[in-house]
Amino acid sequence: MKIGYFTERPYRWVPEEAVFNNHAFFAVSNKYFDREKAADDYNYYLDEACYAEEMGFDAIALNEHHGTPFCMGGVMNVEAAILARLTKKVKIVLIGNPLPVIKHPLRMAEELAEIDLISRGRLVTGWVRGAGSEQFFNNANPAYNREMFNEAHDFILQAWTKPGPWRYEGKHFHYRHVNPWALPYQKPHPPIWIPGVLSPETVQWCAEHRYPYIGLGTAIGPTCDLWDIYADVAAKQGYQAGPENFGYLIPTFVAETEEKAQELGRGFIYGGGQTAFSRPEHTLPPGYNSKSAIRMLAKQPGGSWLGVSQDKLQQARGAEQAEDAEYDEIRRKLVNSYQKAQKGLQIIVGSPKTVIPKIKTMLQVLRPGIFTFFHIQGPVSNADRLTSIRLMAQEVVPAIRAYAKELDLPDPYERTPGEVRAYAGARRLPVVDREPLTSLGLV
Amino acid sequence: MAPWSEETIKVAGTALVLVKGGAGKPLLMFHDELGYPGWMQWNEALAKEQTLLIPLQPGFGKTPKLDWIRSYRDLGGFYAMVLREMKLDPIDVIGFSAGGFIAAEMAAADPEMFSRMVLVAPMGLKPTEGEIRDIFPLTIRSYLRSTVADPTTAEFGKIYGGEMTPEQFEAFEDARTETARIGWEPYMHNPSLGYLLQGVKNLPTLLVRGQKDAIVPKGCITAYQQAIAGAKVAEIPDAGHRPEIENSAEFVRVVKTCLAS
């Protein structure tokens, strides 16, 4: 198993009320941006990643978002390039570069190749479609999102593997002269892991390409369903999916005592937490979702899909100033959701003693070959963050490594995704174990 | 019996769904960016003297999406093929909002395709002042609400009142998706259109605007006036982006006057 460390690198100095008033992190005004504090934090987060390496994590994962204090990684490849030089052993896992949003796959091929060269082959490149809000920020046409993702992906692989110079005339991208003089250190190219939040189309695409799929804090039950879809597609492709095809990332915070962990762990719900990433109208821009996904959403009145209910979608939202009493009410509701999320294993908070069994349950159910800690959000101090990393590394990681060995969860380096053949007519083997979900009331 | 019928015509390489109603000289109507809302009082009034031909835009749920259409200019080219194949040109045309953009692109390419042109709250040109409201980062409800000055307008309630059905939700998403696909950037306008429209001569043109339009600013009307020689303007009081349903009587009066000229 590969064990990774990930943080959104939150901007920790935005007043929570500003997020509440905006009903989301995306589009909070950058008038709150403090250059000195941000300079400190960009440097701190790089140091923090180096500390995670020292503590023994196998991988540092980075991501990218735009126009939001939720994540300071606006240009992830810059951080990745610095870490390529600063670190020595860890894999640098990008989860991931939003290809349709960046709209320049040749440049992307060059940047990633440089990162792989500087790190001497430690890059794992992941690609995403970009969140809905990213389409607005970058003026990327959402109706072409998936087309552009697919075309950019295919182009980058060619740019890395087909000797140049050659000309490219595609549908969305056009290049007169493809001949990058930076090719990846790894041959034929760095490993590709694809992160996602339960899009069946993406899961199917991953299985067809034999790319590991990384569930980004997705609800454990639906994650099982999607991994079954992956395994079914894999079987049709002629291989048996296994732990090497799956990764999982989960919000985790550890402190010396349960009380302290519970108090600081509320950073995960600061400003509304992940569900306040962007408002509904920014989450689902026109054409961003497939026709089948829209049909599913349309038929779930009051229900929720990707955290956005149809009711919520239809709400006209303004940016009215809330009163103090309303802030208190919002916070009270968030605390309830915080407790509920912990019960549902969507957030793991506690001392090492209480955290370990929860993660073991996840490993038992989901059987991932890659496991990544998504570290705390909100205004938690550097010292408390570092303590949490140390406790994860010294007490939690050894326990889960041992358990992963017991469960036989090979990672993609130990077993190449797609290498286990599926035999025609034979039933595919299970990839998840739902049994513990029943006793936990998570079915 | 309904005063209109819907038929599918094999034309311009596709199966175009066309709503048809009324009697007399044909009047081509291009619906707006959210699709054809149904047969309203103003349709009925104009249909007494003309035959309304309302093509349902490709990709809006009924006429199949045409992948090769990637801009409003392409869409205008498609409809020009339709008119030629159906031998309908020259024809009177009325276009609403993004539908006005389509008609303007067609007129710019070939002014003789139309005998008269009515553009109602037309998108398509960069406004001389203000901005065309960005409809994409809006929920359906917010967008619809902002299209009218008064949400208690009877026909607005008739079209959009009550709970949205899954079918309506899907139809709106189809329309928004297709509109984004071809109008995302530059946002709902074409920088070269104004220059090409300067070549349009002798096409009687009426620009209609609701005085309280919150979607298309007055600067768009000014830009069209500057581009099309002799274009007249009718401002409809007590109306927003949908003067045809918000002040139907005045709307019908000014449009009929233009079409009878």
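Nothing in this text is a laboratory measurement; each read-out follows from the coordinates by a stated rule. None of these values were measured; they are calculated from a predicted model. Neighbour counts are summed over all protein chains in view; Cβ atoms, including those assigned to glycine, are modelled from backbone coordinates with ideal geometry.
Some notes on this structure:
- Ratio Rg/Rh [Cα only; Rh per Kirkwood] for the protein assembly as shown: 1.02
- Share, in percent, of DSSP beta bridges within the protein assembly as shown that are antiparallel, nearest 5: 25 percent
- Seen from A:Pro286, the other residues with C-beta closer than 12 Å to its C-beta sum to a net charge of -4, counting Lys and Arg as +1 and Asp and Glu as -1.
- The lysines within cross-link reach of B:Lys212, meaning a Cα-to-Cα straight distance under 26 Å and a gap of 8 or more places when in the same chain, are B:Lys126, B:Lys158, B:Lys232, B:Lys256.
- Amide H contacts under 5 Å for A:Leu62: A:Val93, A:Leu94, A:Ile95, restricted to partners 5 or more places along the chain or on a different chain, H placed in the peptide plane at 1.01 Å from N.
- For chain A, the relative contact order is 22 percent, taking Cα pairs closer than 8 Å that sit 6 or more residues apart in sequence and dividing their mean separation by the residue count.
- Under the membrane-span-like helix rule (DSSP H runs whose alpha carbons stretch at least 18 Å along the helix axis, mean Kyte-Doolittle hydropathy 0.5 or higher), chain B yields none.
- With neighbours defined as other Cβ atoms within 10 Å of a residue's Cβ, the residues A:Phe137, B:Phe172 order from fewest to most as A:Phe137, B:Phe172.
- Scanning residues 5 or more positions from A:Thr372 or on other chains, those with amide H under 5 Å from its amide H are A:Gly4, A:Tyr248, A:Leu249, A:Ile250, with H placed 1.01 Å from N in the peptide plane.
- Taking Cβ atoms as reference points and 14 Å as the exclusive limit, the residues near A:Ile115 contribute a net charge of -1, counting Lys and Arg as +1 and Asp and Glu as -1.
- Mean separation of Cα contacts under 8 Å, 6 or more apart, over the residue count of chain B: relative contact order %: 21 percent
- Neighbouring Cβ atoms from other chains, within 10 Å of the Cβ of residues in B:133-141, number 5 on average.
- Sorted ascending by nearby beta carbons within 10 Å, beginning with the fewest, A:Trp227, A:Trp160, B:Trp4 become B:Trp4, A:Trp160, A:Trp227.
- Taking B:Met29, B:Met106 and counting other C-beta atoms within 10 Å, the order from fewest to most: B:Met29, B:Met106
- C-alpha center-to-center spacing [segment A:57-117, segment B:205-245] in angstrom: 48 Å
- With helices as the sole contributors, chain A gives -13000 deg cm²/dmol at 222 nm; each DSSP H run of n ≥ 4 counts as -39500 (n - 2.57), and the sum is divided by every residue.
- For A:Lys340, the aspartates and glutamates whose Cα comes closer than 20 Å to its Cα, not counting residues fewer than 8 places off in the same chain, are A:Glu258, A:Glu259, A:Glu263, A:Asp328, A:Glu329.
- Too-long pairs where the Cα-Cα distance tops 24 Å, listed order kept, from A:Lys333/A:Lys353; A:Lys162/A:Lys291; B:Lys10/B:Lys87; A:Lys260/A:Lys343; A:Lys89/A:Lys360: A:Lys333/A:Lys353; A:Lys162/A:Lys291; A:Lys89/A:Lys360
- Spin-label pair A:Asn382-A:Ala399: with each label point 7 Å from Cα along the Cα-Cβ axis, the two points sit 3.0 nm from one another.
- Formal net charge of residues neighbouring B:Ser97 (Cβ-Cβ distance under 9 Å; K, R +1; D, E -1): -1
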